[in-house]
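Worksheet: one structure, shown below.
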Amino acid sequence: MSRIGRKPIPVPAGVKVQLQPTAVSVQGPKGNLQVDLPRGITVRQKDDVLLAERQNDSQAAFHGLARSLVANAVRGVSQGFSKDLDIIGVGFRAELKGKATLVLTLGFSHPIEYPVPPGVEIAVDNRQTHLTVRGADRQRVGQVAAELRSLRPPDPYKNKGVRYTGERLKKKVGKTGAK
């Protein structure tokens, strides 16, 4: 029994939903998204609520997944998603070159130029050590944040690198000198 799949999805004002047999298109103030539905799952609209339904119990595993994907699309086009990253280290910083390129100085011999994908917006604060990744597509926002973090993952010995805001690291003790 899928409890998540049975939950209704409220559709806020200003969001338009178009239902097709194999997909759901959602349009709102933050953008447009299309969610492809797994085989055997249908979505129907009842007043201002969307309901995900399955044909039989063999699609139980996809029932909750389809409902979550549609709910994330509805929330993304109405409110949007964001991830915050912190850059920690002496001389580590980020700056935007136009709207399409993020230049990161992360202690390597050269700066890293990261092209900002379409549908995602990256903001850098005044100190140049805090990044905010925003967008309507939850998967794309999370993927861009993970790619930025992977450019210089946090080091457990010196605690330098790119990390999510609020991420806690366990600092390791270094080598002790031999006598």
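Out of the residues in the range 1-46 that are of a type in the set (D, E, K, R) and assigned to a strand (DSSP E or B), which is nearest to D137 (Cα to Cα)? The qualifying residue nearest to D137 (Cα to Cα) is D36.
The criterion of at least 1 residues that are touching a Ser or Thr at 6+ places or on another chain (Cβ under 7 Å) is met, among strands (runs of 3 or more DSSP E) falling completely within the range 84-132, by 93-97, 112-115, 120-124.
Here is a yes/no grid of residues against (1) assigned by TED's automatic domain parsing to the domain that holds L106; (2) of a type outside the set (S, T, Y); (3) under 28 Å from G28 (Cα atoms); (4) surrounded by fewer than 16 Cβ atoms within 10 Å (Cβ to Cβ):
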site: R127; (1), (2), (3), (4): yes, yes, no, yes
site: G135; (1), (2), (3), (4): yes, yes, yes, no
site: S150; (1), (2), (3), (4): yes, no, no, yes
site: K160; (1), (2), (3), (4): yes, yes, no, no
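Selection of first residues in the range 56-75 that are under 17 Å from Q18 (Cβ atoms) and of second residues that are basic (K, R) and surrounded by fewer than 18 Cβ atoms within 10 Å (Cβ to Cβ), restricted to Cβ pairs under 6 Å at least 6 apart or on distinct chains, gives an empty result.
Annotation: of all residues in the range 59-83 being at pLDDT below 95 and not in a helix (DSSP H, G or I), the one that is nearest to the chain's Cα centre (by Cα) is G80. Of the residues making up the range 91-112, none is of a type in the set (A, V, I, L, M), within 23 Å of R75 (Cβ to Cβ) and surrounded by fewer than 17 Cβ atoms within 10 Å (Cβ to Cβ).
Within the range 23-54, the set of residues being at pLDDT 90 or above and exposed (fewer than 11 other Cβ atoms within 10 Å of the Cβ) comprises D36, R39, R44, K46. Going by what's in this entry, would G107 be described as of a type in the set (G, A, S) and either in contact (Cβ under 8 Å) with a residue 60 or more places away in the chain or touching a helix residue (DSSP H, G or I) at 6+ places or on another chain (Cβ under 9 Å) (or both)? Judged against the criteria, G107 is not a match. Here is a check on your reading of the model: is K99 farther than 20 Å from Q27 by Cα and modelled with pLDDT of 95 or more? No. Spot the failing condition for G174; the list is (1) closer than 15 Å to L104 by Cα; (2) more than 19 Å from the chain's Cα centre (by Cα); (3) not charged (D, E, K, R), and only one is missed. Failing condition for G174: (1).
Here Q139 meets each of (1) of a type in the set (S, T, N, Q); (2) assigned by TED's automatic domain parsing to the domain that holds Q27; (3) within 18 Å of G31 (Cα to Cα) with one exception, condition (2).
The values are calculated or read from the model by the stated rules, or taken from the named source; none is laboratory data. Everything numeric in this text was worked out from a predicted model, so none of it was measured. Please note: Cβ atoms are built from the backbone with ideal geometry, for glycine as well, and neighbour counts cover all protein chains shown.
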